1. Please list LYS17, LYS61 in order of solvent-accessible area, largest first, computed with a 1.4 Å probe with all protein chains present.
2. Students sometimes get this wrong: rank HIS114, HIS99 by accessible area, probe 1.4 Å, all chains present, largest first.
3. Determine, from the Cβ-Cβ distance of GLU40 and TRP73 and an R0 of 41 Å, the FRET efficiency 1/(1 + (r/R0)^6), rounded to the nearest 0.05.
4. How big is the stretch 48-124 on each of its three principal axes, counting only the C-alpha atoms and giving the largest first in Å?
5. Among 65-72, 83-90, how do they line up by average Cβ neighbours within 10 Å per residue, starting with the highest?
6. So, taking all protein chains as they sit and a 1.4 Å probe, how much accessible area belongs to TYR46, in Å² rounded to tens?
7. For LEU117 and LEU33, compute 0.36 nm times the residue count separating them, minus their Cα-Cα distance, and round to one decimal in nm.
8. Compute the label zone of LYS17 within the stretch 74-97: residues whose backbone N is under 18 Å from the point 7 Å along Cα-to-Cβ.
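The values are calculated or read from the model by the stated rules, or taken from the named source; none is laboratory data. Computed from a predicted structure; not experimentally measured. All Cβ positions, glycine included, derive from the backbone under ideal geometry; neighbour counts span all protein chains shown. Surface accessibility is based on the protein's heavy atoms, side chains included, excluding ligands, DNA and RNA. Shrake-Rupley method; radii C 1.70, N 1.55, O 1.52, S 1.80 Å.
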Amino acid sequence: MKSVIVPSVQSPPSMLKLHDFCNRAARTVFPGLVNLEELEIAVWRYGDGSRVRALRYSGEKAAAATLVPPGHWMERDANLPDRIWIYGPGSDDAVSARHVLEPLAISAACLRMHARLKGMSPSR
């Protein structure tokens, strides 16, 4: 059984935890990274020596938004500004996450949806 990070991230995380979060998020969304040599947190090497680096999902809104699964979309509730919702084709099956740091809320909600799509049924 593969693990998926669905963090409860309400306290300020350390930089090492943020890098680890980005690393795990990348491996969850891009499972092919598991087959590459890991050089350091969030950096892998292909067989030809070239490298690939995970985006800063925890620090960049644009990077976090790349985690939205295909065919899904992201929304924010005006009444709950720190909560992000991810909706899919069956919009009644939305998942959400909240954090004061928007990239972390987006990333967590996206990873919850990825887990649901893989049949891991995370909580909303």
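1. On the way: LYS17 140, LYS61 105 Å².
Largest accessible area first, the list is LYS17, LYS61.
2. HIS114, HIS99
3. Working from the Cβ atoms, E equals 0.80.
4. 46, 28, 19
5. Peptide ranking by packing, descending: 83-90, 65-72.
6. Roughly 100 Å² of TYR46 is accessible to a 1.4 Å probe.
7. Once the chain is fully extended between LEU117 and LEU33, it gains 28.3 nm.
8. 97
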